[in-house]
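A.B. asks: Sharing a structure with you now.
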Amino acid sequence: MARELWKGNEAIAEAAVRAGLEAYFGYPITPQTELLEYLAVRMPALGRAFLQAESELAAINMVYGAAVAGARTMTSSSSPGVSLMQEALSYIAATEVPMVLVDMMRGGPGLGNLAPTQADYFQLVKGGGHGDYRPIVLAPDSVQEAVDLTYVSFDLAERYRNIVIIAADGNIGQMMEPVEMPPLRERPPVGSVDRGWELTGAVGRPRRIAHSLNLSPEEMARVNASLQNKAAAIAAHEVRYSERFAEDADLLVVAFGSAARIAQTAVRQAREEGLNVGLFRPISLFPFPTDRLAHLATRAQRLLVVELNAGQMLEDVRLAAGAYAPIDFFGRMGGVLPMPDEIYDAIRSAYPHVGGNGNGKGKRSLPAGMRPLTGSWSERMSLN
Amino acid sequence: MEHQIIISGFGGQGVLFAGQLLAYAGLAEGKHVTWIPSYGPEMRGGTANCTVILSDEEIGSPQIRYPSAVIALNPPSLVKYAKLVKPGGCLVLDASLIDSRAGREDVREIAVRAKEIAEGLGYPQMANVVAIGALVAATGALRMETVEDVLIAKTARKRPEMREPNLAALRAGAAVATATVH
């Protein structure tokens, strides 16, 4: 298959189509709108369902209905729109039906702005809606990876009867890069096979009720246990990450998505100048690559977490690796993108053998935007 | 080898298309490429820019602070980017719209009257193509034939009469770059 130039939003849309997407419901919001716009043409042309709802709230509840009916279904939005969807996402999680959500994160909180951020890590990774549930969250750092993850996300959603979220930002959505598209797959039509959750009529099988109301605590606890078992299985089988020079790095940079792309340039420059620096990039944010990161942290002398937020994945890095290595943080908020040279400066400053801070001991000066980590969150914030 | 190119001007000058032209040509030559626009609440007459990276190796950040080449199609773009071009880099500006110059000793500055040349061809909207011709000739980032092929494919496939004016615009820009002694 030839490589073609694709814009991130449109590439994700086409990948979903090729994965057998049968029903899309959405509402426009920058920087995600091209995704919906693309499907508005492509889906009807294939005889599949496309509907621009009157709001994100309506769109996600239509997705709920389509999922219960057995369709391969998805929606997409950006931060404020995804906030609106949280109630239904919780219902969908409780009902244990599969769906895919694409979130092109933008500046927040509030209506915020249109610029790329990673400020919704907590919301996406830690649940977002109420109740104990864990969506699978996948964070691409290129248009090709966005395509590959979208393609596989529908299979994961159905395998685990779980929500899968593609967590990206405007940088991924708006960027054009060469892509090799996967082949178009046809899914056996709804009703032709029984997938185990869909409501297609109970002729010849016991009746099935799709619901999220569990009034009896014992019944709720059984659902909770099922969700937790599922999360454990996901954590055991679906961890994804990428590494560059990570195995022997003295300083290990940890970043995901867009931030990892920027960090990659800085890490390469530092390597060229003889610094023993590596990059660890979680691709699955849930399940977080805890074990691998812990292993690497026992070898690295120091970690530097880079995010487009105030330090959210940082908490998962500290849980995984905090016992093994000191951790620095570099963050940019509000959609202000750091340039590679800023992350390079942060690397130089954090590097174990530079600036008199061998093995993380001693005083050192930090560039703007970078803070030393202490035990207390409020202490960290007051340094900003 | 990596070329980091920023193209900047007013919305409506074809800044984003000019960048895509480079990206498509880079892809045709088997390079790693990224194209990323400034996006947001933009409108005709507002500023627009895009960053294109063409590389023999995998590309990290799609945005960079210090480009190796810049096309400035309006005065604010020259002010913004003239000081950021890497030493040894290249700066193409539309001299029919910009009176000032960067005047840097360490940068190859090419003042091309892109809009006037395009108007002379009967298509004022082709100033961006003139500038691309100058940039490609000055940097050697791509083979001119590749850019010509892509340009024809993108502009003249459905409108064959656009083929010659586009090629003329591209070549006129290249000629200015070649003639600019530095």
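A.B. asks: Would you please give the FRET efficiency between A:L57 and B:A179, computed as 1/(1 + (r/R0)^6) with r the Cβ-Cβ distance and R0 = 51 Å, to the nearest 0.05? Spell out each step's value before the answer.
C.D. replies: Numbers: r = 62 Å, r/R0 = 1.21.
The formula returns an efficiency of 0.25 here.
A.B. asks: Let me ask something else. Tabulate in residue order the Karplus-calculated ³J(HN,Hα) for region A:73-84, using 6.51 cos²θ - 1.76 cosθ + 1.60 with θ = phi - 60°, rounded to whole Hz; enter x for Gly and Pro.
C.D. replies: 9, 8, 9, 8, 6, 9, 2, x, x, 5, 4, 4
A.B. asks: Also, quick follow-up: How high is the FRET efficiency between B:A156 and A:H295 when r is their beta carbon distance and R₀ equals 45 Å, given to the nearest 0.05? Spell out each step's value before the answer.
C.D. replies: Working: r = 56 Å, r/R0 = 1.25.
Taking R0 as 45 Å, the efficiency between B:A156 and A:H295 is 0.20.
A.B. asks: Oh, and also: Sequence-distant or interchain residues sharing an amide H contact under 5 Å with A:F50, placed H: which?
C.D. replies: A:Y24
A.B. asks: Taking +1 at the Cβ of each Lys and Arg and -1 at the Cβ of each Asp and Glu, which of B:P37, B:A172, B:H3 sits farthest along the dipole of chain B towards its positive end, judged by Cα position relative to the Cα centre?
C.D. replies: It is B:P37.
A.B. asks: Mind checking the dipole of region B:113-182: about its Cα centre, +1 per Lys or Arg Cβ, -1 per Asp or Glu Cβ, Debye to the nearest 20? If you can, show how the numbers build up before the last one.
C.D. replies: Details: 9 positive and 7 negative charges, 37 e Å.
For region B:113-182, the charge dipole is close to 180 debye.
A.B. asks: For chain A, find the longest principal axis of its Cα atoms and tell me its angle to the long axis of helix A:217-237, 0 to 90°, nearest 10.
C.D. replies: 60 degrees
A.B. asks: Another question, if that's okay. Give the range of the longest stretch in chain B that excludes all trypsin sites (Lys or Arg not before Pro) found in loop regions by DSSP and having at most 11 other beta-carbon atoms within 10 Å.
C.D. replies: The longest uninterrupted stretch comes out as B:84-156.
A.B. asks: Between the helical axis of A:340-350 and the dominant principal axis of chain A, each derived from Cα atoms, what acute angle in degrees is found, rounded to the nearest 10?
C.D. replies: 60 degrees
A.B. asks: Work out which GluC sites (Glu not before Pro) in chain B are exposed loop sites (DSSP not H, G, I, E or B, at most 12 other Cβ within 10 Å) and give the longest gap free of them.
C.D. replies: On the way: sites that count: B:E57, B:E58, B:E105.
The longest such stretch corresponds to B:106-182.
A.B. asks: Now a separate question. Can you pull the one-decimal nm distance between simple spin-label points at A:L199 and A:E243, each 7 Å off the Cα toward Cβ?
C.D. replies: If labels sit at A:L199 and A:E243, their model points lie 4.8 nm apart.
A.B. asks: Accessible area of B:H32, 1.4 Å probe, to the nearest 10 Å²?
C.D. replies: Rounded to the nearest 10, that gives 70 Å².
A.B. asks: Could you state how much accessible area B:Y66 has, in square angstrom rounded to the nearest 10, with a 1.4 Å probe and all protein chains kept in place?
C.D. replies: Rounded to the nearest 10, that gives 110 Å².
A.B. asks: Something else: Compute a Gaussian network model of chain A, connecting alpha carbons closer than 10 Å, and tell me which residue from A:R261, A:R348, A:R208 fluctuates the most.
C.D. replies: A:R208
A.B. asks: So, taking all protein chains as they sit and a 1.4 Å probe, how much accessible area belongs to A:E247, in Å² rounded to tens?
C.D. replies: 80 Å²
A.B. asks: Any idea of the accessible area per residue across chain A, 1.4 Å probe, to the nearest Å²? Intermediate values should be presented prior to the final figure.
C.D. replies: Numbers: 14470 Å² over 384 residues.
It amounts to 38 Å² per residue over chain A.
A.B. asks: Run the numbers on region A:243-278: which residues show a drop of 50 Å² or more in accessible area, chain on its own versus all protein chains together, using a 1.4 Å probe over heavy atoms?
C.D. replies: A:R261, A:R268
A.B. asks: In terms of the Cα gyration tensor, with a ≥ b ≥ c the square roots of its eigenvalues, is region A:116-203 rounded because a/c is under 1.5, prolate because a/b exceeds b/c, or oblate?
C.D. replies: Numbers: a/c = 3.48, a/b = 1.34, b/c = 2.60.
Judged from the Cα gyration tensor, region A:116-203 comes out oblate (a/c at least 1.5, b/c at or above a/b).
A.B. asks: Quick check: from the Cα gyration tensor, does the protein assembly as shown come out rounded (a/c under 1.5), prolate or oblate? All intermediate terms of the calculation are to be shown ahead of the outcome.
C.D. replies: Values: a/c = 2.36, a/b = 1.35, b/c = 1.75.
It is oblate, given that a/c is not under 1.5 and a/b is not larger than b/c.
A.B. asks: Sticking with this one: Carbon and sulfur: what percent of chain A's accessible surface (1.4 Å probe)? If you can, show how the numbers build up before the last one.
C.D. replies: Values: 7900 of 14470 Å².
In chain A, the share of accessible area belonging to carbon and sulfur is 55 percent.
A.B. asks: Long-range amide H contacts for A:D169: which residues qualify at under 5 Å (H placed 1.01 Å from N, peptide plane, sequence gap of 5 or more or a different chain)?
C.D. replies: When sequence neighbours closer than 5 places are left aside, the close amide H contacts are A:M105.
A.B. asks: How many Å² of accessible area per residue for chain B, probe 1.4 Å? If you can, show how the numbers build up before the last one.
C.D. replies: Values: 7730 Å² over 182 residues.
Per residue, chain B has 42 Å² of solvent-accessible surface.
A.B. asks: Continuing with the same structure: Whose amide H sits under 5 Å from the amide H of A:G20, counting only residues 5 or more places off or on another chain, with H placed in the peptide plane?
C.D. replies: Residues meeting the criterion, in which the H sits 1.01 Å from N, are A:R185.
A.B. asks: Working with all protein chains in place, sort A:E34, A:E307 by solvent-accessible area computed with a 1.4 Å probe, largest first. Don't skip to the end; give the middle numbers.
C.D. replies: Details: A:E34 40, A:E307 0 Å².
Greatest to least solvent exposure: A:E34, A:E307.
A.B. asks: Can you list the residues in region A:171-211 whose accessible area drops by at least 20 Å² when all protein chains are present, compared with the chain alone? Use a 1.4 Å probe, heavy atoms only.
C.D. replies: Listed in order, they are A:N171, A:Q174, A:M175, A:M176, A:P178.
A.B. asks: For region B:2-179, just say rounded, prolate or oblate: build the C-alpha gyration tensor, square-root its eigenvalues into a ≥ b ≥ c, call rounded for a/c under 1.5, and beyond that prolate if a/b exceeds b/c, oblate if not.
C.D. replies: Numbers: a/c = 1.31, a/b = 1.10, b/c = 1.19.
Rounded.
A.B. asks: As I understand it, the value is the acute angle between the Cα axis of helix A:86-95 and the longest principal axis of the Cα atoms of chain A; what does it come to in degrees, rounded to 10?
C.D. replies: For helix A:86-95, the angle is close to 60 degrees.
A.B. asks: Around A:E198, what is the net charge, scoring Lys/Arg as +1 and Asp/Glu as -1 over all other residues with Cβ under 14 Å from its Cβ?
C.D. replies: Details: positive: A:R72, A:R161, A:R187, A:R195, A:R205, A:R207, A:R208; negative: A:E22, A:E96, A:E158, A:D194.
Within the 14 Å Cβ shell, the charges total +3.
A.B. asks: Okay, moving on. Over chain B, what percent of the accessible surface lies on carbon and sulfur atoms, probe 1.4 Å? Display every interim value, and only then the final one.
C.D. replies: Values: 4180 of 7730 Å².
That share works out to 54 percent.
A.B. asks: Tally the DSSP beta bridges in the protein assembly as shown and give the antiparallel ones as a percent, rounded to 5. Don't skip to the end; give the middle numbers.
C.D. replies: Details: 30 of 77 bridges.
In the protein assembly as shown, DSSP labels about 40 percent of beta bridges as antiparallel.
A.B. asks: Positive end of the dipole of chain A, charges at C-beta (+1 Lys, Arg; -1 Asp, Glu), about the Cα centre: which of A:L279, A:V41, A:T117 has its Cα farthest in that direction?
C.D. replies: Checking the options against the dipole of chain A, the answer is A:L279.
A.B. asks: Rounded to the nearest 0.05, what FRET efficiency do B:T146 and A:E273 have when you use their Cβ-Cβ distance and R0 = 35 Å? Write down the numbers at each step before the final one.
C.D. replies: Values: r = 34 Å, r/R0 = 0.97.
Calculated transfer efficiency: 0.55.
A.B. asks: Find the sum over both chains of the accessible area lost when A and B are paired, probe 1.4 Å, and report it in Å² to the nearest 100.
C.D. replies: On the way: alone 15480 and 8800 Å², together 22210 Å².
Roughly 2100 Å².
A.B. asks: Leaving ligands and nucleic acids out of the surface, order B:S96, A:S258 by accessible area at 1.4 Å, largest first. Working shown, then result.
C.D. replies: On the way: B:S96 35, A:S258 5 Å².
Putting B:S96, A:S258 in descending order of accessible area: B:S96, A:S258.
The values are calculated or read from the model by the stated rules, or taken from the named source; none is laboratory data. Model, not experiment: these values are computed from the prediction. Here Cβ is always computed from backbone atoms with ideal geometry, including for glycine, and neighbour counts include all displayed protein chains. Accessible surface is based on the protein model in full, side chains and every heavy atom, while ligands, DNA and RNA are left aside. Shrake-Rupley method; radii C 1.70, N 1.55, O 1.52, S 1.80 Å.
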